[in-house]
Amino acid sequence: MRMEGVTVVDHPLVQHKLTLMRDKQRSTKGFRQLLNEIGMLLCYEVTRDLPMERIEIDTPLTKMEGAQIAGKKLVFAPILRAGVGFLDGMLTLVPAARVAHIGLYRDPESLQAVEYYFKAPSDLGDRMVLVLDPMLATANSAVAAIERLKERGAKDLRFVCLLAAPEGIERLRSAHPDVHIWTASIDERLNDHGYIVPGLGDAGDRMYGTR
């Protein structure tokens, strides 16, 4: 399935690890490790077009001109709690990145996002912000998080998830058409409880062993 404004990362390693994560027999430790690894692989893809600049350096043998990322480094903005599962892998690749934390939970009756925590760097407008959440289901949390980041000055935002439902993609793209989505899979649909089908269950519960 292809949808406008969405990049599906179909690399064999991503797809293999995703299948392992979907298996309900996967242990909590295994689930966390795989989420960390996929986070690293998704970060590699979503940062493929970062701006570069040329600098002069000294190697042990001679001077040379090399390339480095231009401008200020990234901000990783995980939506708590499951979004933190992506963080370590991404920070391994970009250790100089700043981190914003967005605490949201989904009201079980209305399915709306309720904010309980927000902390972000003051210079969001000068940085690319990657909003992280393994599941793009109803998209209520994603829409709310991006609204808060924009209120704090963020202009260049990208959304990174493991799984997305078509309904969530449409909702996020409708609310924030300037925010491109990267995901490992577009699944079939949402069920009556707002869970992605076939999905992998509640990512937060599986990360922390509370399923």
> Just Arg48, Arg173, Arg81 to compare: in a GNM of the chain, with alpha carbon springs under 10 Å, which one fluctuates most?
Replying inline: Arg48
> How many nm is it between the label spots at Lys155 and Tyr44, if each spot is 7 Å from the Cα in line with the beta carbon?
Replying inline: 3.2 nm
> For the pair Ile69 and Glu167, how long in nm is the line joining their label points, each one 7 Å along Cα→Cβ?
Replying inline: 3.5 nm
> What residues from the stretch 183-210 fall in the zone where the backbone N is under 16 Å from a label point 7 Å along the Cα-to-C-beta line of Ala175?
Replying inline: 194-195
> In whole percent, how big is the carbon plus sulfur part of the accessible area of the stretch 120-210, probe 1.4 Å, protein atoms only?
Replying inline: 44 percent
> For the modelled label position 7 Å from the Cα of Leu20 along Cα-to-Cβ, which residues of the stretch 43-59 have backbone nitrogen atoms closer than 18 Å?
Replying inline: 43-44
>> Using Cα-Cα distances under 8 Å and only pairs 6 or more residues apart, what relative contact order does the stretch 1-152 have, in percent?
In response: 19 percent
> Reachable lysines from Lys72, Cα under 27 Å, same-chain residues fewer than 8 places away excluded?
Replying inline: Lys63, Lys119, Lys150, Lys155
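The values are calculated or read from the model by the stated rules, or taken from the named source; none is laboratory data. Computed from a predicted structure; not experimentally measured. Every residue, glycine among them, receives a Cβ derived from its backbone with ideal geometry; neighbour counts consider all protein chains shown. In case anyone asks, the SASA skips ligands and DNA or RNA and just uses the protein heavy atoms, side chains included. Shrake-Rupley method; radii C 1.70, N 1.55, O 1.52, S 1.80 Å.
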